[in-house]
Amino acid sequence: MANDPRDAAHPIPQFPAGFLWGVSTSAHQIEGAVDEREPSVWDTFTAEPGRVKDGSTAARACDHFHRYPEDVALLKGLGVDAYRFSISWPRAVFDNGRGLDFYDRLVDELCAAGVRPVPTLFHWDLPANLDWLERDTASRFAEYVSVVADRLGDRVKKWITINEPAEHTLLGHALGTHAPGRQLLFDALPAAHHQLLGHGLAVQALRAAGATDIGIANSHGPTWPASREPADLEAAAFYDVLLNRLFAEPVLLGEYPEGLGELMPGGDVQADLKVISEPLDWYGINYYAPTKVGAPQGTEIEFGGITMPAELPFSVQQIEGVPVTDFGWPVVPEGLTELLTTFRERYGDRLLPVVITENGCSYDGVDDQARIAYLDGHLRALHRASEAGVDVRGYFVWSLLDNFEWAEGYEQRFGLVHVDYETQTRTPKASYAWLRDVLRDQKSQAQRSQAQG
């Protein structure tokens, strides 16, 4: 790697002082130890034949539950400031809260290693006896958050309420390709509203526990119309509302995009919006790629391993002329700059400081030069957004470890660290060493700047 021009002649530009560098994981994807928690909707989903491409489950995954000291040592060796993990709601409530003992141990290990713990309180693994279509689940979520904050709040200072409610709504409740496997199309909107309401109630619960550093992790990306034809422009605008504005504007503005508020369940949506828009300290964005959208084509479309029904009022199309990951996702770093500057223009001073809570790619192999190029390009794109005036405060790579990639099973590898699922051997990839060196360089630059100024 010493001769790589990305490292020597073209180092990553320096990010602002105090910039937070981290990596991310989620509980269901890495922990295993299913006998030490209650069942989740993903356990039920993966038990059904045909739901997961390779027929696998997350029963063992990366066995992080038993191997967390080894994984924290990897974090320390990488040199990150922070580790974004998720707390399994089904584990937290196990045996009258005994499951939280694991997170006590994990947080202590992280603090001892000098790595800031950044837990996400819901990352798709809903307890199997609950349902986001039901309003009461939002209240149950806030109750669980209060218990977690009471247990961990003396050491945890930075919190994330919910991860990617857009995907959990679309894939889990509208299209049925993720747990809980429902195919409700637009009748899935109550799941979106109740997750957002749960987010707002969780913010209230965290504030009551004394938390002062709270965000959400929403997924966003630019929507590119397939052409300038009116039908394509209309379809793209609608898609942008569903996947971007529907989940950003209730949080940032306290309102739904025009026409959607009246579709939400409950008698007083405006009262709910006041809760949903409880003030945050920063806004988390998970970015992977833009989406090219055109008018509906009247037939089912396979895209990214997902069947898009013919009755949807848009079609998702391939972006041509760009590299793709092993998952088939387009690699478009400039889309991150576009997204952030668009949000800055759209929301003005209502846009909070931004943290990129996920960004990563699936590539096989330990000598993963393609992942290095991907991360290099996206960090430069993020820096351009910062130079353009977006208040960017942090960046988390997805993911520390190869893991259970939901309905894809173990076929896609997003990790900086290779995991042999048979032996559980961890092998840092070339991208791990590259990122370690980038972080060392960033910190050295920061120290030189501080000494000079």
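In this structure, the amide hydrogen of residue 282, modeled 1.01 Å from its nitrogen in the peptide plane, lies closer than 5 angstrom to those of 214, counting only residues at least 5 positions away or on a different chain. Distance between the C-alpha centres of the range 406-429 and the range 276-294: 27 Å, rounded to the whole angstrom.
State to the nearest 20 debye the size of the charge dipole of the chain about its Cα centre, where the only charges are +1 on K and R beta carbons and -1 on D and E beta carbons.
On the way: 38 positive and 65 negative charges, 286 e Å.
Dipole of the chain, to the nearest 20 debye: 1380 debye.
To put it simply, the accessible area of the range 1-102 at a 1.4 Å probe is 53 percent carbon and sulfur. The rule of thumb for compact globular proteins, 2.2 N^0.38 Å, goes into the C-alpha radius of gyration of the chain 0.93 times.
Karplus-based coupling profile of the range 75-91, in residue order and whole Hz: 4, 5, x, 5, x, 6, 7, 9, 10, 8, 10, 10, 9, 6, 4, x, 7, with θ = phi - 60° in 6.51 cos²θ - 1.76 cosθ + 1.60 and x standing for Gly or Pro.
Leaving out ligands, DNA and RNA, and with a 1.4 Å probe, what % of the accessible surface on the range 201-293 is carbon or sulfur?
Working: 1840 of 3590 Å².
For the range 201-293, the apolar C and S fraction of the accessible surface comes to 51 percent.
Beta bridges assigned by DSSP with both partners in the chain are antiparallel in approximately 25 percent of cases.
Whole number in Å², please: accessible area per residue of the chain, 1.4 Å probe, ligands, DNA and RNA not counted.
For the chain, the solvent-accessible area averages 38 Å² per residue.
Surface composition of the range 322-388: carbon plus sulfur atoms contribute 50% of the solvent-accessible area (1.4 Å probe, protein chains only, all chains present). A simple count of charges around residue 207, restricted to other residues whose Cβ falls under 12 Å of its Cβ and scoring Lys, Arg +1 and Asp, Glu -1, yields -3.
Cross-linked pairs 158/429; 158/443; 292/443: Cα-Cα separations exceed 31 Å for 292/443.
Distance from the Cα centroid of the range 306-384 to that of the range 115-137 is 25 Å (rounded to whole angstrom). Centroid-to-centroid, using Cα positions, the range 76-107 and the range 228-243 are 40 Å apart. Along the charge dipole of the range 285-434, pointing to its positive end and built from +1/-1 on Cβ of Lys, Arg, Asp and Glu, which listed residue (348, 313, 416) has its Cα farthest out? In the range 285-434, that residue is 348.
Remark: the range 114-121, residue by residue, has Karplus-estimated 3J(HN,Hα) of x, 10, 6, x, 10, x, 9, 8 Hz, where x stands for each Gly or Pro and the curve is 6.51 cos²θ - 1.76 cosθ + 1.60 at θ = phi - 60°.
Note that the range 204-215 has calculated 3J(HN,Hα) couplings of 4, 5, 5, 4, 4, 8, x, 6, 10, 9, 10, x Hz, one per residue in order, obtained from phi through the Karplus relation 6.51 cos²θ - 1.76 cosθ + 1.60 (θ = phi - 60°); glycine and proline are x.
Listed peptides 207-214, 141-148 appear in the order 141-148, 207-214 once ranked by packing, highest mean of other Cβ atoms within 10 Å at the front.
Between residue 10 and residue 112, the modelled labels are 4.3 nm apart [label points 7 Å from Cα along Cα→Cβ].
Could you tally the net charge around residue 235, taking each other residue with its Cβ under 14 Å from the Cβ of residue 235, Lys/Arg +1 and Asp/Glu -1?
Surrounding charge for residue 235 is -3.
Within the range 363-453, the proportion of C-alpha pairs whose separation exceeds 19 Å stands at 52%.
The values are calculated or read from the model by the stated rules, or taken from the named source; none is laboratory data. The model shown is predicted, which means the values in this text are computed figures rather than measured ones. Note that each Cβ is placed from the backbone with ideal geometry, even for glycine, and that neighbours are counted across all protein chains shown. With ligands, DNA and RNA removed, areas are computed over all heavy atoms of the protein, side chains included. Shrake-Rupley method; radii C 1.70, N 1.55, O 1.52, S 1.80 Å.
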